[in-house]
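*Asks:* I'd like to ask you about the structure that follows.
The values are calculated or read from the model by the stated rules, or taken from the named source; none is laboratory data. These figures come from a predicted structure and were not determined experimentally. Every residue, glycine among them, receives a Cβ derived from its backbone with ideal geometry; neighbour counts consider all protein chains shown.
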């Protein structure tokens, strides 16, 4: 069984999270500058057995895609062109940044650490992935 990789793609940064090989728990992986994501993915896919990729797809309250999809859709197209055999699922990422910030407060992170946008992006990817795993249990 391979890992599941979650991607929280943003205009400047990409938050990444990954499951353990048994796909039980999501763990924060890292944050990468958006322009470096494909170099990172190439290297990561060579080192790790990744079975599926989950990509956060931002939706509005009315279930329409948010304006951020103008950055995500080109990324998705390029990803699928480079990795056509890799299964990809889009997951609603609504509110994950707020949830990540609150999670960091609840975990006792200092204000300085909570202001690190990269940390918020990686925690958001972890929340997206953990939510996906929990939904998968009930399918």
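Here's the yes/no breakdown for (1) exposed (fewer than 12 other Cβ atoms within 10 Å of the Cβ); (2) assigned to a strand (DSSP E or B); (3) within 13 Å of the chain's Cα centre (by Cα); (4) modelled with pLDDT under 95:
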{"position": "44", "(1), (2), (3), (4)": "no, no, no, no"}
{"position": "55", "(1), (2), (3), (4)": "no, yes, yes, yes"}
{"position": "63", "(1), (2), (3), (4)": "yes, no, no, yes"}
{"position": "71", "(1), (2), (3), (4)": "no, no, no, yes"}
{"position": "84", "(1), (2), (3), (4)": "yes, no, no, no"}
{"position": "89", "(1), (2), (3), (4)": "no, yes, yes, yes"}
{"position": "97", "(1), (2), (3), (4)": "no, no, yes, yes"}
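*Asks:* Confirm whether residue 37 is in contact with a strand residue (DSSP E or B) (Cβ under 6 Å, 6 or more places away or on another chain), modelled with pLDDT under 90 and part of a helix (DSSP H, G or I). Give the derivation first.
*Replies:* On the way: in contact with a strand residue (DSSP E or B) (Cβ under 6 Å, 6 or more places away or on another chain): yes; modelled with pLDDT under 90: no; part of a helix (DSSP H, G or I): yes.
For residue 37, the condition - in contact with a strand residue (DSSP E or B) (Cβ under 6 Å, 6 or more places away or on another chain), modelled with pLDDT under 90 and part of a helix (DSSP H, G or I) - is not met.
*Asks:* Another one. For residue 134, state whether it is part of a strand (DSSP E or B), on the phi < 0 side of the Ramachandran plot, at pLDDT below 95 and exposed (fewer than 14 other Cβ atoms within 10 Å of the Cβ).
*Replies:* For residue 134, the condition - part of a strand (DSSP E or B), on the phi < 0 side of the Ramachandran plot, at pLDDT below 95 and exposed (fewer than 14 other Cβ atoms within 10 Å of the Cβ) - is not met.
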